[in-house]
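S.K.: Dropping the structure in here first, questions after.
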Amino acid sequence: MKKFLILIALIVFGYNTYSQSMHGLSYSMALPVGETSNLIGKYQWRGLAVEGKYFLGDQVTLGWQSGWNTFYSSEAGSFTEGTTTRTGTQYNWMNIWPALFTFDYFFGSDGDTQPYLGTGIGTYWVEQRTQMGLFSTTYSTWNFGIAPEIGVLFPINLYSNFYVNVKYNYGMNGNADVENYSYFTFNVGFLWY
């Protein structure tokens, strides 16, 4: 056990003394797909993402990413659930907060336009609410998920970059009452050193 702790300490301290870091903030738009689009099928314009990337070499980063995307739709009509039928306007909301560890690989050299590929793995907090008149149903759950991404960095100056990326978010749910969640995010933002 002692050898394991010493190894972890060497990796962490060695990593911190070598690493160069970037932090980012982006505007995040989302397109629900799969089972998520059955509940809310429209393109969504409300979202925010923050992230940190720590270089392990010239082209490889480890990091974290978090954010918030909100989904909303309304539909008028008659809705049947079990033996109950309700007529009126149904409102659906979904708020999703990812907390992911990330891995990215950058092509090209620092200071040039750099495409990159990455993936994230972690958890998603999902809150889903459906309301019709005075009745509402809310499900809140943690989901394990993955998020592959592709993006491009555009250098602004020595210390900052403009970036765009597309990320496919897939949250796997173990609760039979709530479906798995999947959506694409389209992010536009800034990364700085």
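The values are calculated or read from the model by the stated rules, or taken from the named source; none is laboratory data. What you see is a predicted model, and the numbers here were worked out from it, not measured in a lab. Ideal geometry is used to build each Cβ from the backbone, glycine not excepted, and the neighbour counts take in all protein chains shown. Areas reflect the complete protein model, heavy atoms only, side chains present, ligands, DNA and RNA absent. Shrake-Rupley method; radii C 1.70, N 1.55, O 1.52, S 1.80 Å.
S.K.: Students often get this wrong: which residues of segment 22-39 have the backbone nitrogen under 20 Å from the point 7 angstrom along Cα-to-C-beta of F79?
M.R.: Only 32-39 pass the distance filter.
S.K.: Could you give the nm distance between label points at W142 and T123, where each point is 7 Å from its Cα heading toward the beta carbon?
M.R.: With each label point 7 Å from Cα toward Cβ, the separation is 0.2 nm.
S.K.: May I pose another question? Sum up the charges of everything whose Cβ sits under 12 Å from the Cβ of N95, counting Lys and Arg as +1 and Asp and Glu as -1, but leave N95 out.
M.R.: +1
S.K.: Provide the gained length on full extension for the span Y91 to H23, in nm with one decimal, where the gain is 0.36 nm per separating residue minus the Cα-Cα distance. Can you show the working numbers first?
M.R.: Working: separation 68, 0.36 × 68 = 24.48 nm, distance 3.61 nm.
Between Y91 and H23, full extension yields an extra 20.9 nm.
S.K.: Turning to a different aspect of this structure: May I ask for the net charge around V164, where only other residues with Cβ less than 15 Å from the Cβ of V164 are counted and Lys, Arg are +1 while Asp, Glu are -1?
M.R.: On the way: positive: K167; negative: E51, D104, E149.
Result for the local shell: -2.
S.K.: Using only Cα atoms, figure out Rg for the chain and give it as a multiple of 2.2 N^0.38 Å.
M.R.: Working: Rg = 20.2 Å, N = 193, 2.2 N^0.38 = 16.3 Å.
Ratio of Cα Rg to 2.2 N^0.38 Å: 1.24.
S.K.: Express the carbon and sulfur contribution to the solvent-accessible surface of the chain as a percent, rounded to the nearest whole number, probe 1.4 angstrom.
M.R.: Answer for the chain: carbon and sulfur cover 64 percent of the accessible area.
S.K.: How far is it, in nm, from the label point at I150 to the one at D58 when both lie 7 Å from their Cα along the line to the Cβ?
M.R.: Result for the modelled spin labels: 2.5 nm.
S.K.: Moving to a separate point now. What value, in deg cm²/dmol to 500, does the helix sum -39500 (n - 2.57) over DSSP H runs of n ≥ 4 give at 222 nm once divided by the residues of the chain? Walk me through the numbers on the way to the answer.
M.R.: On the way: 2 runs with 22 residues, N = 193.
Here the helix-only value at 222 nm equals -3500 deg cm²/dmol.
S.K.: Could you give log10 I(q)/I(0) at q = 0.13 Å⁻¹ for segment 42-122, computed by the Debye formula over C-alpha point scatterers of equal weight, without solvent?
M.R.: -0.62
S.K.: Put one equal scatterer on each alpha carbon of segment 108-193, apply the Debye formula with no solvent term, and list log10 I(q)/I(0) at q = 0.11, 0.19, 0.21, 0.25 1/Å to two decimals.
M.R.: Relative scattering, expressed as log10 I(q)/I(0), comes to -0.47, -0.87, -0.96, -1.14.
S.K.: Let me check against my output: what whole-number percent is the relative contact order of the chain, with C-alpha pairs under 8 Å and at least 6 apart? List each step's numbers first, then the result.
M.R.: On the way: 488 pairs, mean separation 38.8, N = 193.
It rounds to 20 percent for the chain.
S.K.: Looking only at segment 23-43, which residues have a backbone nitrogen under 17 Å from a spot 7 Å from the Cα of F184 in the C-beta direction?
M.R.: 28-38, 40-43
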